[in-house]
1. In segment 36-57, which residues are loosely packed, with under 14 Cβ neighbours inside 10 Å and of a type in the set (S, T, N, Q)?
2. Which one is least open to solvent (accessible area, probe 1.4 Å) among residues in segment 110-125 that are near the ligand (Cβ under 9 Å from one of its atoms) and without any contact (Cβ under 8 Å) to a residue 60 or more places away in the chain?
3. Please count how many residues of segment 59-82 are surrounded by 13 or more Cβ atoms within 10 Å (Cβ to Cβ) and either within 23 Å of Ala34 (Cα to Cα) or of a type outside the set (Asp, Glu) (or both).
4. Among the residues in segment 72-94, are any away from the ligand (no atom under 12 Å from the Cβ) and not in a helix (DSSP H, G or I)?
Amino acid sequence: MSTRLPPELTVGFEEIDRHHRRLIDLMDAATAAARNGDLAAARAGAAALGDELVTHFSSEEGFMAEALYPDRARHKAAHDLFLQDYAQLGKELEAGLSDLAVHWLTIRVPEWVKFHIGVNDVPLGQYLTARHFRPEQPRATGAKSRPS
Ligand SMILES: [Fe+2]
């Protein structure tokens, strides 16, 4: 499954857009599990989404640092704050599928992700695209190889 991004959520930098499609797929699965009252699937979905968020934020932060993106401190602060909040969702889910956990998975997380993409990631994508930015190395593996 692969979601098509609507225009307002398209960053225009393919590596980030690809991550966002995956994030939205995972988010939709976690949201559906919460709506269905399926605690095990909601926990698994929230954990998978959390892992993907950490990887994705780290990747974006690497791009911002490499490209000397002027707004990188504020953008990273938005990631950090959200991950702190997201950890609370994990704790909430340990206790069960409470109204608060369902609210997070069905409303708060999707709203934050869409808001963040529109407000923070679209300008980053425009900056990277305008500079024909290419990452120095693949981010997914964390490899530290450099051509000599
Ligand atoms: Fe971001």
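The values are calculated or read from the model by the stated rules, or taken from the named source; none is laboratory data. Treat the numbers as computed from the prediction; the structure is a model and nothing was measured. Positions of Cβ are generated from backbone atoms using ideal geometry, with glycine treated the same way; all protein chains shown enter the neighbour counts. To get the accessible areas, we keep the full protein, side chains included, count just its heavy atoms, and leave off ligands, DNA and RNA. Shrake-Rupley method; radii C 1.70, N 1.55, O 1.52, S 1.80 Å.
1. The answer is Asn36, and nothing else.
2. His116
3. 12
4. Checking segment 72-94: not a single residue is away from the ligand (no atom under 12 Å from the Cβ) and not in a helix (DSSP H, G or I).
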